[in-house]
Amino acid sequence: MTGVKRLTALTRAGVMESLQFRLGTAVTLFGNLIYLALVYFLWKAIYDSCGASEVNGMTFYDTMIYLILATAIFNFLEMFIIWDMSRAIQSGEIIMHLLKPMRYRKYTFWSYSGSHVISFFLTFIPTFIVVMLVTKGAIPIGLNCVFFVVSLVMALVINFNIEMLVAPICLYTESTWGINIVKETIVLLLSGATIPLAFFPESFRRVVEYMPFRAVYDIPLKILLKKDGTNSLEGLLPMLGIQLIWCIVLTIAGNLFWNHAVKRITVNGG
Amino acid sequence: MEKKKRGFLFYISIYKKILIQDLKSKMSYRADFIISTFGMIMTNLSGFVTFMILFHNFPSINGWDYYHMLFLYGFSLIALTPVQCFFDNNWNLRFMVRTGDFIKYCFRPINVFFYFISEVFDVKGLGQFAFGLGTFIYAWHHIGIPVTVVTIAQALLFLLTASLFMIAIMNAAAATCFWIINSGYVMVIMFRFKDFAKYPASIFNGVFKFIFTFLIPIAFVAYYPSLVFVTPDSVPLLSWLSPFIGALFFYLSYKFWMLGVRRYDFTGS
Amino acid sequence: MQKGTDLGAVGSVPTAPSQEEKSMANEVIVMKNVSKEFKVLNRHEGLKGSFQDLFSRDYKTVKAVNDVSLTVEKGEIIGYLGPNGAGKSTTIKMMTGVLEPSTGDIQVNGLVPYKDRTRNSENIGVVFGQRSQLWWNLPLIESFKLLRDIYMVPEKDYKDMLELYRSLVDIEPILHKPVRQMSLGQRTLSDILAAFLHNPGIVFLDEPTIGLDVSMKAKIRELIRGLNEVKETTVILTTHDMGDVDALCKRIIIIDEGKKIYDNDIDHLKTYFGSYRTLRMRLEDGSWDEQVIDEKKTDVMHVIQETQKKHKIKDIQLEEISTEEVIRKIYEGSKAS
């Protein structure tokens, strides 16, 4: 099988596996909608209590849309890489994977891609539609959507690399939950997924903007919502540029670190 | 020789023995212990930072000011500790059920739910407890709630019964694995909902207030019990009833869990 | 025998039992016309099929156990055989009270296992193959102590049991080891010891020697035989290993496709197929030609002569048919019928 055929086959297998989850997909969607309600009520109360309609450049609608879509992106990006990997190591399965001709990193990325495709269509799109309906079309539809998808794909790559950088640490220290939760809290907080970066105190925000995390949530969302000057090409390109830089940097770093780590893991014998 | 029936005291003594042995052996996993505790601290810290950022921009929510919100926050952290510490094995349920390993819990003459749940005690939850207790006491002091035998007893009672609600939610979420494949997502969603337990349920209206009070009762994890202390002059009926409702929810979730065990085909192997 | 009193408890039977009562008292497991059906989703192929499955309600019924009746008497060691998927584990699960039969009756020690799971569990021990039932992180002795408390074993009985163990196997090296540090053989040994600890009337062993080396297998078989002799424990042994069967079982029950196809002594098995021989001939290229011959129907010499017409024979072995071969013949026979 040629390389492309192999990748397509993997994606296809991933799609089929995702479809097997009968009620599961419906559950995730339902859960998103409930979470949407929670976020809505909370921020409505917050904005009502403070009396102003705009805080730090974000209106109520802005904040709400931002956070809901952030959750949708979170579901889309979700990879149980670390958990699956640690299980594969414990059962010894990992040896089989590391012996496969295709490199394990690539294999991992593409075998999760199937579930990402499904996740995008079955959870992200419906969530998007619901938000549009509830807010009466507050999300601009146009070229920004195309750029958004591009941005999202890059966000996926960056997230994947972060996962693959953290995974070997987990396996080396044999502490999956602890490291994973630290990673998750840091990523979610500093990427603007928990609270939009716009609300961060000025000095704190400036520091955070130098980290790769904002490229996972903040930038794609800004592009979609046409915030912060991304409605013009001059504003847009630097954002995509930042993402691209992080993509490259993290992929290289990830590759190096991974190769080094694989040696360590196989030495330990699993 | 008639065998004594296995009563409440029996289960308590067995649990104590399992716990002591488990803790002894956990101490040998030092790296994991330290990292997990650190992870727990990070989660709590992140929650704190989020809280601070929020209050940096918005001084009050629905009439709840900084110290009252802090009280709610601390209360919820304490109430969320028992489910974290004692019922952590629920997260493993779906894997054991899928591989068929779960069957081993059904061969002994003790309650299957107890046997399963007693296997794991999560020590890092104690970090959350410390955080919560500190915040709780700090806020208690700043609000000026009197410290009497009555208020202390009330605190213990309401904290304990508030914890039953999250336990019930996670029991039910975990038990869905007997019927659906993607129960992991259900558990993750429910677990994320707990983050909203630290906000006053007064932000909800109508249908949603009903949902988060009686269906996925996160409002009872901190909000309703806290009212007993925060607004002692006008405590709604639901607050006083919360201990009984908590026991009921726990019982229902337990029955649901056991129903799954009975209906399960055990064809994992 | 409707009440669940311990068989053999002193003073539980006031008058001398009749012959029928005596044999009934000896029957520890009784299965009458037991069947078990499962509903399985009809899965379809391909991408489109997966989509259909999301919304389909198309189930088919699978009969895992089909009208099986059997009786087991106290103290027997029964070999419970059958190909994978034949319904063995399903029947065991019904006997241990984990599954409810779709039709038919089961009585174990006078109780209906599914209805009285807790009481039934007090008097059985189970080892389910690869999965250890002990606490992973605890030293073996601590697991024993916990089991002693869970089964409410009197201290004296517990100590006596440990003494018995010490006389049968060398348990000192593993007594203070946590299960997770044990080798497979040690783990299996521990699980079996744990299963017998509370002196149950019946012990179910599911593939206990799988994956073990020859010497460990011998040790395990010795242990099981020893415990069965001293404590009169009934043992239901599910296995694919004929060595287990030859060493331990006097009686074999064979299940295939949910039906019981053989239920008799192991000696009967041999006479059943006593005329069968395995003929092995070494050909000129070094390979061995193996044939099973029914001497009642075919003449061995004739086969050898026919083969000599085509090949040079370098060596001949003529053996009694192995238990394994016999069982395979029974499987084939049941498929043909």
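For the residue pair A:Ala253 and B:His142, what label-to-label distance in nm results when each label sits 7 Å from Cα along the Cα-to-beta-carbon direction?
3.6
Just subtract the alpha-carbon distance of C:Lys60 and C:Val230 from 0.36 nm times their residue separation and send over the number in nm, one decimal. Don't skip to the answer; put the middle values down first.
Numbers: separation 170, 0.36 × 170 = 61.20 nm, distance 4.74 nm.
Extra length from C:Lys60 to C:Val230 when fully extended: 56.5 nm.
Near C:Phe128, within a Cβ-to-Cβ distance under 13 Å, what is the net charge of the other residues, with Lys and Arg +1 and Asp and Glu -1?
So the environment of C:Phe128 carries a net charge of +2.
Using a cut-off of 15 Å between beta-carbons, work out the net charge of the residues near C:Leu197 (Lys and Arg +1, Asp and Glu -1, C:Leu197 not included).
Working: positive: B:Arg108, C:Lys145, C:Arg148, C:Lys156, C:Lys159, C:Arg166, C:Lys231; negative: C:Glu122, C:Glu142, C:Asp149, C:Glu155, C:Asp157, C:Asp160, C:Glu163, C:Asp191.
With Lys, Arg at +1 and Asp, Glu at -1, the net is -1.
Using the Cα centre as the reference, give the magnitude of the dipole from point charges on the C-beta atoms of the protein assembly as shown (Lys, Arg: +1; Asp, Glu: -1; all else neutral), rounded to the nearest 20 debye. Don't jump to the answer; show the numbers that get you there.
Working: 88 positive and 78 negative charges, 228 e Å.
Using Cβ point charges on Lys, Arg, Asp and Glu, the protein assembly as shown gives about 1100 debye.
Read phi for every residue in the range B:16-27 and hand back ³J(HN,Hα) as whole Hz from Karplus 6.51 cos²θ - 1.76 cosθ + 1.60, θ = phi - 60°, with x for Gly and Pro.
Couplings: 4, 5, 4, 4, 4, 4, 5, 4, 4, 6, 5, 4 Hz.
Report the gain in length on full extension from A:Asp84 to A:Asp48: 0.36 nm times residue separation, minus Cα-Cα distance, nm rounded to one decimal.
Numbers: separation 36, 0.36 × 36 = 12.96 nm, distance 4.39 nm.
Here the segment from A:Asp84 to A:Asp48 would lengthen by 8.6 nm.
Given contacts defined as C-alpha pairs under 8 Å and at least six residues apart, what's the relative contact order of the range A:112-270, whole-number percent? Don't skip to the answer; put the middle values down first.
Numbers: 112 pairs, mean separation 50.8, N = 159.
The value is 32 percent.
Give C:Lys231/C:Lys260; A:Lys5/A:Lys106; A:Lys226/B:Lys209 a once-over and call out the pairs whose C-alpha atoms are over 25 Å from each other.
Numbers: C:Lys231/C:Lys260 29 Å; A:Lys5/A:Lys106 14 Å; A:Lys226/B:Lys209 34 Å.
C:Lys231/C:Lys260; A:Lys226/B:Lys209, as the Cα separations exceed 25 Å there.
Just rank B:Tyr73, A:Tyr172, fewest to most, by other beta-carbon atoms within 10 angstrom. Don't jump to the answer; show the numbers that get you there.
On the way: B:Tyr73 22, A:Tyr172 14.
Going from least to most buried by this count: A:Tyr172, B:Tyr73.
Convert each backbone phi in the range C:112-120 into a coupling constant with the Karplus relation 6.51 cos²θ - 1.76 cosθ + 1.60 (shift: θ = phi - 60°), then list the ³J(HN,Hα) values in order as whole Hz, x for Gly and Pro.
Values per residue, Gly and Pro as x: 8, x, 5, 7, 10, 4, 4, 5, 4 Hz.
How would A:Val249, C:Val153 line up from fewest to most surrounding beta-carbon atoms within 10 angstrom? Spell out each step's value before the answer.
Numbers: A:Val249 13, C:Val153 18.
So the residues, fewest neighbours to most, are A:Val249, C:Val153.
Need the list of lysines near B:Lys16 for cross-linking: C-alpha distance under 27 angstrom, and skip anything on the same chain fewer than eight residues off.
Straight-distance partners of B:Lys16: B:Lys3, B:Lys4, B:Lys5, B:Lys24, B:Lys26, B:Lys104, B:Lys124, B:Lys255, C:Lys145, C:Lys156, C:Lys159, C:Lys177.
If contacts are Cα pairs under 8 angstrom and at least 6 residues apart, what is the relative contact order of chain B in percent? List each step's numbers first, then the result.
On the way: 296 pairs, mean separation 67.6, N = 269.
Relative contact order of chain B: 25 percent.
Amide H of C:Val126 versus every other amide H placed in the peptide plane: which residues, excluding those fewer than 5 positions away on the same chain, fall under 5 Å?
The answer is C:Phe204.
Do the sum for chain C: with -39,500 (n - 2.57) for every DSSP H run of n ≥ 4, divided by all residues, what is the mean residue ellipticity at 222 nm, to the nearest 500 deg cm²/dmol?
About -11500 deg cm²/dmol.
Positive end of the dipole of the range B:8-263, charges at C-beta (+1 Lys, Arg; -1 Asp, Glu), about the Cα centre: which of B:Leu248, B:Ala162, B:Asn92 has its Cα farthest in that direction?
It is B:Asn92, whose Cα lies furthest towards the positive end.
Could you state the number of Å between the C-alpha centres of the range C:209-284 and the range A:156-174?
Here the two parts' Cα centres lie 50 Å apart.
Lys/Arg Cβ at +1, Asp/Glu Cβ at -1, dipole of the range C:275-320 taken about the Cα centre: which of C:Gln291, C:Tyr276, C:Met301 is farthest positive-ward?
Among C:Gln291, C:Tyr276, C:Met301, the one farthest towards the positive end of the dipole of the range C:275-320 is C:Met301.
Based on the alpha-carbon gyration tensor of the range A:134-270 and its eigenvalue square roots a ≥ b ≥ c, which shape applies: rounded if a/c is under 1.5, prolate if not and a/b is larger than b/c, or oblate? Kindly include the intermediate steps, with their values, before the conclusion.
Working: a/c = 2.43, a/b = 1.94, b/c = 1.25.
Judged from the Cα gyration tensor, the range A:134-270 comes out prolate (a/c at least 1.5, a/b above b/c).
Could you derive backbone 3J(HN,Hα) for the range C:136-142 from the dihedral phi with the Karplus parameters 6.51, -1.76 and 1.60 (θ = phi - 60°), listing whole Hz in sequence and x where the residue is Gly or Pro?
3, 8, 8, x, 3, 4, 5
Which residues among the range C:291-328 fall inside the zone where the amide N is under 13 Å from a point 7 Å beyond the Cα of C:Arg282, along Cα→Cβ?
Under 13 Å, as judged by backbone N against the label point of C:Arg282, lie C:313-318 of the range C:291-328.
First select every other residue whose beta carbon is under 13 angstrom from the beta carbon of C:Ile266; then total the charges, Lys and Arg +1, Asp and Glu -1. Could you put the intermediate results ahead of the total?
On the way: positive: C:Lys250, C:Arg251, C:Lys270; negative: C:Glu76, C:Asp244, C:Asp246, C:Asp263, C:Asp265, C:Asp267, C:Glu324.
It works out to a net charge of -4.
Taking a spot 7 Å from the Cα of B:Tyr29 along the direction of its beta carbon, which residues of the range A:178-195 have an amide N less than 12 Å from it?
A:178
Please say if the range C:275-320 is rounded, prolate or oblate, where rounded means a/c under 1.5 for a ≥ b ≥ c the square roots of the C-alpha gyration tensor eigenvalues, and otherwise the choice is prolate for a/b larger than b/c and oblate otherwise?
Oblate is the answer for the range C:275-320, as a/c is 1.5 or above yet b/c matches or exceeds a/b.
Identify, among C:Thr234, C:Gln130, C:Ile171, the residue whose Cα sits farthest towards the positive end of the charge dipole of chain C, taking +1 on the Cβ of Lys and Arg and -1 on the Cβ of Asp and Glu, with the dipole about the Cα centre.
Farthest towards the positive end: C:Gln130.
Check C:Glu76: other-chain or 5+ apart residues with amide H under 5 Å from its amide H, H built from backbone geometry?
Excluding prolines and chain starts, which carry no amide H, the hits are C:Val235.
What dipole magnitude, in Debye to the nearest 20, does the range C:73-172 give about its Cα centre under +1 on Lys/Arg Cβ and -1 on Asp/Glu Cβ?
Working: 12 positive and 14 negative charges, 62 e Å.
In debye, rounded to 20, the range C:73-172 gives about 300.
Could you work out the relative contact order of chain C? I mean the mean sequence separation of Cα pairs under 8 Å and 6+ apart, divided by the number of residues, in percent. Walk me through the numbers on the way to the answer.
Numbers: 533 pairs, mean separation 61.2, N = 337.
Value for chain C: 18 percent.
What's the magnitude of the charge dipole for the range B:8-263 around its Cα centre, counting Lys and Arg as +1 and Asp and Glu as -1 at the beta-carbon? Answer in Debye, nearest 20.
Numbers: 17 positive and 9 negative charges, 167 e Å.
Rounded to the nearest 20 debye, it is 800 debye.
Once you order the gyration tensor axes a ≥ b ≥ c over the Cα atoms, which shape class does chain C get: rounded for a/c under 1.5, otherwise prolate or oblate by comparing a/b with b/c?
Details: a/c = 1.61, a/b = 1.39, b/c = 1.16.
Because a/c hits 1.5 or more and a/b exceeds b/c, chain C counts as prolate.
Mind sorting C:Glu155, A:Glu184, C:Glu295 by how few other Cβ atoms lie within 10 Å of their own Cβ, fewest first? Walk me through the numbers on the way to the answer.
On the way: C:Glu155 8, A:Glu184 17, C:Glu295 13.
By the 10 Å Cβ count, ascending, the order reads C:Glu155, C:Glu295, A:Glu184.
Each reported figure results from applying straightforward, stated rules to the coordinates on display, with no laboratory input. Because the structure is a prediction, the values reported are computed rather than measured. Note that we place each Cβ from the backbone using ideal geometry, even for glycine, and neighbour counts take in every protein chain shown.
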